[in-house]
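Written below as structure tokens is the structure these notes are about.
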Amino acid sequence: MPGAQSRQDGQAAATSRSATLPLNAQTERLCNKTSICSRSYFVVVMVFFHVYIINVIALLFYVHYSSGQEDDSRSRDSQDTDHSRITSRDALSKVEYQRDFSLPRIEGIRVGHVQKVSLTAGKDHLMRTLSMKPLLFEIPEFLSEDECQVVMQLAQLKGLMESQLMVQGDHEELVKELNLSPEEIFNLLDINQDGQLQHTEILTHSRVRDGIWLTPDILREIYAGLKADINGDGLLSIEEFRLLSSDAFQRFLQQQGVKKSQLVRNSRHTWLYQGEGAHKVLQDIKERVIRLTRLPPALVDLSEPLQVVRYEEGGHYHAHHDSGPVYPETACTHTRLAANTSTPFETSCRYITVLFYLNSVEGGGETAFPVADNRTYDEVSLIQNDVDLLDTRRNCDKSNLRVKPSKGMAVFWYNYLSDGKGWVGEQDEYALHGGCVVTHGTKWVANKWINIDPDYQRQARYQQLVSQQPEHSDDDSSTASPDTHSSNIHQDL
Ligand code: OGA
Ligand code: CA
Ligand code: FE2
């Protein structure tokens, strides 16, 4: 063992010495001892070899894996972009539909801008921008005189019903059921929470809840009749409110008799189906709407039928939105079934309104857009100092924009903004509009509403659910693909 010890010492000494030697000398020393030299060479070569092999294998894995992924996404892309359909063969409920489709939106350019649109063979139409906020256009002679006649006759044949029924509220029972105190009711009504009920608060409430269009004048009459406003300041305090029974207003109005002119809407209407088997004129109109809006045919096909409205002399429709705001918890009426959830709010999600004038009205009956192209939108100033811009019986002359009915003309506008990513965004508050009172004759209009869910997934699921051809086929008309044939329909002038 002493020999072994000395060899170890010698090696250690040699190593410690070599650590201080210059590099050349080290190599020389290593290679002089040929056995050490060859072993270390072997080890180094083997290490490099293994690292190389591992690299090659890793590279092969990488190439294989990434190309597989590409294939995957390519096939997914082709599945989704194949005719840009948002339908899918997969099971409905859990599928996340890829959002690779943009809704076409016609550009307004500026007020007065005219663009040529090709809606029917052999005839060009001119489309003029009426306002940018909302994005609103008019197209004269969209319908021929004969077509207007057919639509009115079909509506009459079908029969029109009152657009708004007199409401017999069951609110009293609700109040009793909830056991609400006058203070609690007062708080619900006091929207700005200033401890007083202003005229606007009562007016809005009555319009929304009862569909009764009170005016400040009528409200003053009611206050006087009920001796409600004791100090005569035009406001109701909680003390004054407490002295009234909870249904005092309703009973007062019922005693007086609510006239049709006091309703939000005073007209009759019916619905005409435009699908397969419908009168040719109705189908033609739908086709023209598809070309006008450039929307995928499926979206128009799956929308509400045509609504035909008739106003008698004295008829009106106070300013309103055709579709409500959409919050995360809001469902759209048309996709509700597919949504498979229960939601507290529901609206009709009418992305576009196309309004057709079926006759030229002798007097009044304009469509008013009270705040079109306003610099700012201020809800409070809509009803101010007894001037109620929403009131189309009194204040149409104060509206920013009025469209005079002219037989065959169509106007159309977007009720929602874009979300900036090619889909439906927030409600456009400027799209507020109404039908001014008809002073002479009758007025006939038709509404074509195009329903699109601002929630892309819900719209996609709905279309999948109703599509008769879940399997892809080239002539599948139930897809949401943009109508590529109509790309030349719009031409700026
Ligand atoms: C409507 C509407 C306007 C008009 O029917 O929703 O807004 O001019 N009509 O009749
Ligand atoms: Ca108040
Ligand atoms: Fe409307």
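The values are calculated or read from the model by the stated rules, or taken from the named source; none is laboratory data. In this text the structure is predicted, and so the values were computed from the model without any measurement. Here the Cβ is made from the backbone with ideal geometry for all residues, glycine too, and neighbour counts use every protein chain on show. We work out accessible area using only protein heavy atoms, side chains counted, and drop any ligands, DNA or RNA first. Shrake-Rupley method; radii C 1.70, N 1.55, O 1.52, S 1.80 Å.
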| query | To the nearest 0.05, how large is the calculated FRET efficiency for HIS279 and LEU226 if R₀ is 56 Å and r is the Cβ-Cβ distance? | reply | 0.60
| request: Heads up, I need the accessible area for ILE230: 1.4 angstrom probe, whole protein in place, Å², nearest 10. | output: 120
| task | Could you please report the charge total around LEU263, scoring K, R as +1 and D, E as -1 over all other residues with beta-carbon less than 14 angstrom from its beta-carbon? | result | +3
| field | For ILE452, solvent-accessible area (1.4 Å; no DNA, RNA or ligand), Å² | value | 0
| By accessible area of protein heavy atoms, probe 1.4 Å, what ranking do LYS260, LYS280 get, highest first? | LYS280, LYS260
| field | Cross-link pairs beyond the 30 Å C-alpha cut-off, checked among LYS116/LYS280; LYS158/LYS421; LYS133/LYS286; LYS286/LYS421; LYS176/LYS448; LYS158/LYS259 | value | LYS158/LYS421; LYS176/LYS448
| query | What residues from the range 355-370 fall in the zone where the backbone N is under 19 Å from a label point 7 Å along the Cα-to-C-beta line of HIS440? | reply | 358-367
| field | Cβ-based net charge around LEU389, under 11 Å, with every Lys or Arg adding one and every Asp or Glu removing one | value | -3
| field | Accessible area expressed per residue, the range 340-415, with surrounding protein chains retained (probe 1.4 Å, Å²) | value | 44
| field | Rounded, prolate or oblate (a/c below 1.5 giving rounded, otherwise prolate when a/b exceeds b/c) for the range 139-246 by Cα gyration tensor | value | prolate
| said: Whole angstrom only: what separates the Cα centroid of the range 370-422 from the Cα centroid of the range 230-254? | reply: 32
| field | Solvent-accessible area per residue for the range 226-277 (1.4 angstrom probe, square angstrom) | value | 57
| said: In whole percent, and with a 1.4 Å probe on the protein chains, what portion of the accessible area of the range 378-477 is carbon and sulfur? | reply: 45
| task | Leaving ligands, DNA and RNA out of it, work out the accessible area of ARG291 with a 1.4 Å probe and give it in Å² to the nearest 10. | result | 80
| task | May I ask you to derive the FRET efficiency for MET46 and THR341 from their Cβ-Cβ distance with R0 = 45 Å, giving the value to the nearest 0.05? | result | 0.10
| Roughly what would the spin-label model give for LEU243 and ARG375, points 7 Å off Cα along C-beta, in nm? | 4.5
| request: Please work out whether the range 277-331 counts as rounded, prolate or oblate from its C-alpha gyration tensor, where a ≥ b ≥ c are the square roots of the eigenvalues and a/c under 1.5 means rounded, while otherwise a/b larger than b/c means prolate and anything else oblate? | output: oblate
| task | Working with all protein chains in place, sort ILE57, ILE352 by solvent-accessible area computed with a 1.4 Å probe, largest first. | result | ILE57, ILE352
| Carbon-plus-sulfur fraction of the accessible area of the range 122-223, 1.4 Å probe, in percent? | 55
| query | Summing Lys, Arg as +1 and Asp, Glu as -1, what charge do residues with Cβ under 12 Å from the Cβ of PHE252 carry, PHE252 excluded? | reply | 0
| query | Which FRET efficiency value, to the nearest 0.05, is calculated for LEU465 and LEU165 with the Förster distance at 22 angstrom and r the Cβ-Cβ distance? | reply | 0.10
| field | Which of ASP247, ASP217 is most accessible, then next, and so on - probe 1.4 Å | value | ASP217, ASP247
| field | Global form of the range 340-408, assessed from the alpha-carbon gyration tensor, a/c cut-off 1.5 | value | oblate
| said: If you roll a 1.4 angstrom probe over the protein chains with everything in place, what fraction of the accessible area of the range 303-374 belongs to carbon and sulfur, to the nearest %? | reply: 50
